[in-house]
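Take a look at the structure set out below.
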Amino acid sequence: MIPAIVLAAGASTRFGSPKQRVLLAPVLERVRAAAAVGEILVVLGAHEVETDARVVRCPDWERGPGASLRCGLAALPADSEAAVVVLGDGPDLSPAAVDRVVEAWRAGGGGLYAASYGGVRGHPLLLARPLWERVPDEGMRALEPELVACDDLGSPGDVDFADELPGRVDSPPGESRKPQP
(Lines give C-alpha, C1' and ligand atoms only; values in the text may rest on other atoms or scores of the structure.)
Protein backbone atom coordinates (compact mmCIF):
# COMPACT_ATOMS: atom_id res chain seq x y z
CA MET A 1 0.00 0.00 0.00
CA ILE A 2 1.18 3.47 -0.89
CA PRO A 3 0.51 6.51 1.35
CA ALA A 4 -1.41 9.44 -0.10
CA ILE A 5 -0.89 13.11 0.64
CA VAL A 6 -3.81 15.48 0.17
CA LEU A 7 -2.59 19.04 -0.27
CA ALA A 8 -5.10 21.41 1.39
CA ALA A 9 -2.89 24.17 2.79
CA GLY A 10 -3.77 27.12 0.54
CA ALA A 11 -5.53 30.34 1.48
CA SER A 12 -8.51 29.90 -0.91
CA THR A 13 -8.51 33.63 -1.69
CA ARG A 14 -10.35 33.26 -5.03
CA PHE A 15 -12.96 31.02 -3.41
CA GLY A 16 -13.77 33.62 -0.76
CA SER A 17 -13.73 31.24 2.23
CA PRO A 18 -11.82 28.09 3.23
CA LYS A 19 -12.80 25.77 0.37
CA GLN A 20 -11.13 22.88 2.20
CA ARG A 21 -14.11 22.86 4.58
CA VAL A 22 -16.39 22.03 1.64
CA LEU A 23 -14.13 19.95 -0.61
CA LEU A 24 -11.87 17.92 1.68
CA ALA A 25 -14.46 15.31 2.71
CA PRO A 26 -15.42 14.31 -0.86
CA VAL A 27 -11.76 14.21 -1.90
CA LEU A 28 -10.90 11.98 1.06
CA GLU A 29 -13.82 9.69 0.28
CA ARG A 30 -12.49 9.16 -3.24
CA VAL A 31 -8.88 8.64 -2.10
CA ARG A 32 -10.03 6.09 0.48
CA ALA A 33 -11.83 4.18 -2.27
CA ALA A 34 -8.55 3.62 -4.15
CA ALA A 35 -7.35 0.06 -3.61
CA ALA A 36 -3.64 1.00 -3.76
CA VAL A 37 -3.74 3.60 -0.97
CA GLY A 38 -2.96 2.85 2.66
CA GLU A 39 -2.34 5.79 4.98
CA ILE A 40 -3.78 9.19 4.06
CA LEU A 41 -2.19 12.40 5.28
CA VAL A 42 -3.76 15.85 4.86
CA VAL A 43 -1.46 18.89 4.76
CA LEU A 44 -3.10 22.04 6.17
CA GLY A 45 -1.71 25.54 6.40
CA ALA A 46 -3.82 28.69 6.04
CA HIS A 47 -6.97 27.30 7.65
CA GLU A 48 -7.95 24.88 10.37
CA VAL A 49 -10.18 22.18 8.95
CA GLU A 50 -11.92 19.41 10.84
CA THR A 51 -11.20 15.98 9.39
CA ASP A 52 -10.92 12.39 10.52
CA ALA A 53 -7.72 11.93 8.50
CA ARG A 54 -4.24 12.35 9.93
CA VAL A 55 -3.14 15.98 9.61
CA VAL A 56 0.20 17.72 9.41
CA ARG A 57 0.32 21.50 9.60
CA CYS A 58 2.77 23.23 7.31
CA PRO A 59 4.08 26.51 8.74
CA ASP A 60 5.70 27.36 5.38
CA TRP A 61 2.56 26.87 3.26
CA GLU A 62 2.84 30.44 1.85
CA ARG A 63 6.08 29.49 0.06
CA GLY A 64 4.07 27.38 -2.38
CA PRO A 65 2.68 23.92 -3.01
CA GLY A 66 6.16 22.40 -2.94
CA ALA A 67 6.64 23.55 0.66
CA SER A 68 3.35 21.90 1.61
CA LEU A 69 4.32 18.73 -0.24
CA ARG A 70 7.68 18.61 1.56
CA CYS A 71 5.85 18.88 4.92
CA GLY A 72 3.67 15.94 3.96
CA LEU A 73 6.54 13.82 2.66
CA ALA A 74 8.56 14.44 5.85
CA ALA A 75 5.66 13.12 7.93
CA LEU A 76 5.40 9.78 6.09
CA PRO A 77 6.85 6.55 7.48
CA ALA A 78 10.54 5.96 6.72
CA ASP A 79 9.73 2.76 4.83
CA SER A 80 7.48 4.52 2.29
CA GLU A 81 8.81 3.89 -1.22
CA ALA A 82 6.57 6.46 -2.88
CA ALA A 83 3.61 8.72 -2.22
CA VAL A 84 0.48 9.57 -4.17
CA VAL A 85 -0.20 13.32 -4.25
CA VAL A 86 -3.76 14.61 -4.56
CA LEU A 87 -5.07 18.17 -4.55
CA GLY A 88 -7.71 19.02 -1.96
CA ASP A 89 -9.80 20.94 -4.50
CA GLY A 90 -10.45 18.12 -6.98
CA PRO A 91 -13.76 16.64 -5.80
CA ASP A 92 -14.30 14.53 -8.94
CA LEU A 93 -11.10 12.50 -8.56
CA SER A 94 -11.60 8.92 -9.70
CA PRO A 95 -10.23 6.30 -7.31
CA ALA A 96 -9.30 4.32 -10.43
CA ALA A 97 -6.96 7.16 -11.50
CA VAL A 98 -5.07 6.77 -8.22
CA ASP A 99 -4.82 3.01 -8.73
CA ARG A 100 -3.76 3.43 -12.37
CA VAL A 101 -0.92 5.83 -11.49
CA VAL A 102 0.33 3.52 -8.72
CA GLU A 103 0.20 0.52 -11.08
CA ALA A 104 2.17 2.42 -13.74
CA TRP A 105 4.86 3.20 -11.15
CA ARG A 106 5.01 -0.44 -10.04
CA ALA A 107 5.35 -1.59 -13.65
CA GLY A 108 7.78 1.09 -14.79
CA GLY A 109 9.89 1.95 -11.77
CA GLY A 110 10.36 5.63 -12.69
CA GLY A 111 10.35 8.47 -10.21
CA LEU A 112 7.39 10.66 -11.16
CA TYR A 113 4.05 9.70 -12.68
CA ALA A 114 1.03 11.89 -13.35
CA ALA A 115 -2.47 11.17 -14.55
CA SER A 116 -3.27 12.85 -17.84
CA TYR A 117 -6.63 13.87 -19.24
CA GLY A 118 -6.80 14.53 -22.98
CA GLY A 119 -2.99 14.51 -23.02
CA VAL A 120 -2.81 17.25 -20.36
CA ARG A 121 -0.92 16.57 -17.15
CA GLY A 122 -3.17 16.44 -14.09
CA HIS A 123 -3.56 14.71 -10.74
CA PRO A 124 -2.99 12.44 -8.98
CA LEU A 125 0.79 12.33 -9.06
CA LEU A 126 3.03 9.62 -7.73
CA LEU A 127 6.42 10.65 -6.42
CA ALA A 128 9.02 7.95 -5.67
CA ARG A 129 11.19 8.49 -2.60
CA PRO A 130 14.43 9.32 -4.51
CA LEU A 131 12.72 12.52 -5.75
CA TRP A 132 11.46 13.68 -2.36
CA GLU A 133 14.57 15.81 -1.77
CA ARG A 134 14.10 17.59 -5.14
CA VAL A 135 10.69 19.16 -4.54
CA PRO A 136 10.92 22.90 -5.35
CA ASP A 137 8.69 25.51 -3.68
CA GLU A 138 6.58 25.87 -6.83
CA GLY A 139 5.76 22.15 -6.74
CA MET A 140 6.37 19.34 -9.17
CA ARG A 141 5.48 21.25 -12.37
CA ALA A 142 9.20 21.79 -13.03
CA LEU A 143 9.82 18.03 -13.38
CA GLU A 144 8.61 15.95 -16.32
CA PRO A 145 6.52 12.95 -15.29
CA GLU A 146 5.62 9.79 -17.08
CA LEU A 147 2.01 10.45 -18.12
CA VAL A 148 -0.65 7.86 -17.36
CA ALA A 149 -3.71 8.20 -19.58
CA CYS A 150 -6.88 8.56 -17.52
CA ASP A 151 -9.10 10.11 -20.20
CA ASP A 152 -11.79 7.50 -19.66
CA LEU A 153 -12.06 8.39 -15.96
CA GLY A 154 -12.82 12.10 -16.23
CA SER A 155 -10.85 14.99 -14.78
CA PRO A 156 -10.63 15.32 -10.98
CA GLY A 157 -11.83 18.91 -11.19
CA ASP A 158 -10.18 22.06 -9.90
CA VAL A 159 -12.48 24.26 -7.84
CA ASP A 160 -11.12 27.78 -7.45
CA PHE A 161 -14.37 29.76 -7.15
CA ALA A 162 -17.51 28.96 -5.13
CA ASP A 163 -19.68 28.97 -8.27
CA GLU A 164 -17.60 26.07 -9.62
CA LEU A 165 -18.75 23.70 -6.89
CA PRO A 166 -20.35 20.53 -8.23
CA GLY A 167 -24.12 20.85 -8.27
CA ARG A 168 -24.18 24.67 -8.40
CA VAL A 169 -26.45 26.05 -11.10
CA ASP A 170 -25.67 29.78 -10.94
CA SER A 171 -23.06 29.62 -13.73
CA PRO A 172 -23.99 28.65 -17.29
CA PRO A 173 -22.56 25.26 -18.36
CA GLY A 174 -19.06 25.56 -19.75
CA GLU A 175 -18.58 29.08 -18.36
CA SER A 176 -15.71 29.52 -15.97
CA ARG A 177 -14.05 32.49 -14.31
CA LYS A 178 -10.63 30.84 -14.68
CA PRO A 179 -8.28 32.68 -17.02
CA GLN A 180 -7.87 30.96 -20.35
CA PRO A 181 -4.30 30.18 -21.51
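The values are calculated or read from the model by the stated rules, or taken from the named source; none is laboratory data. As the structure is a computational prediction, the values presented were derived from the model and not from experiment. Every residue, glycine as well, gets a Cβ built from its backbone with ideal geometry; the counts of neighbours run over all protein chains shown. Just so you know, the surface numbers come from the protein's heavy atoms only, side chains and all, with ligands and any DNA or RNA stripped out. Shrake-Rupley method; radii C 1.70, N 1.55, O 1.52, S 1.80 Å.
Observations on the model:
- Some residue of the stretch 94-102 being out of contact with any helix residue (DSSP H, G or I) (no Cβ under 8 Å at 6 or more places or on another chain), farther than 15 Å from Ile5 by Cα and not aliphatic (A, V, I, L, M): no
- Restricting the stretch 52-88 to residues that are farther than 23 Å from Pro130 by Cβ and open to solvent by less than 40 Å² (accessible area, probe 1.4 Å), the residue that is modelled with the lowest pLDDT: Gly88
- Matching residues in the stretch 99-115 - criterion: being open to solvent by less than 50 Å² (accessible area, probe 1.4 Å) and closer than 23 Å to Arg32 by Cβ: Asp99, Val101, Val102, Ala104, Trp105, Tyr113, Ala114, Ala115
- If you filter the stretch 138-153 down to residues that are exposed (fewer than 13 other Cβ atoms within 10 Å of the Cβ) and in a loop (DSSP other than H, G, I, E, B), you find that the one that is modelled with the lowest pLDDT is Glu138.
- Given (1) at pLDDT 60 or above; (2) open to solvent by less than 90 Å² (accessible area, probe 1.4 Å); (3) hydrophobic (A, V, I, L, M, F, W, C), index of the condition Val159 fails: (1)
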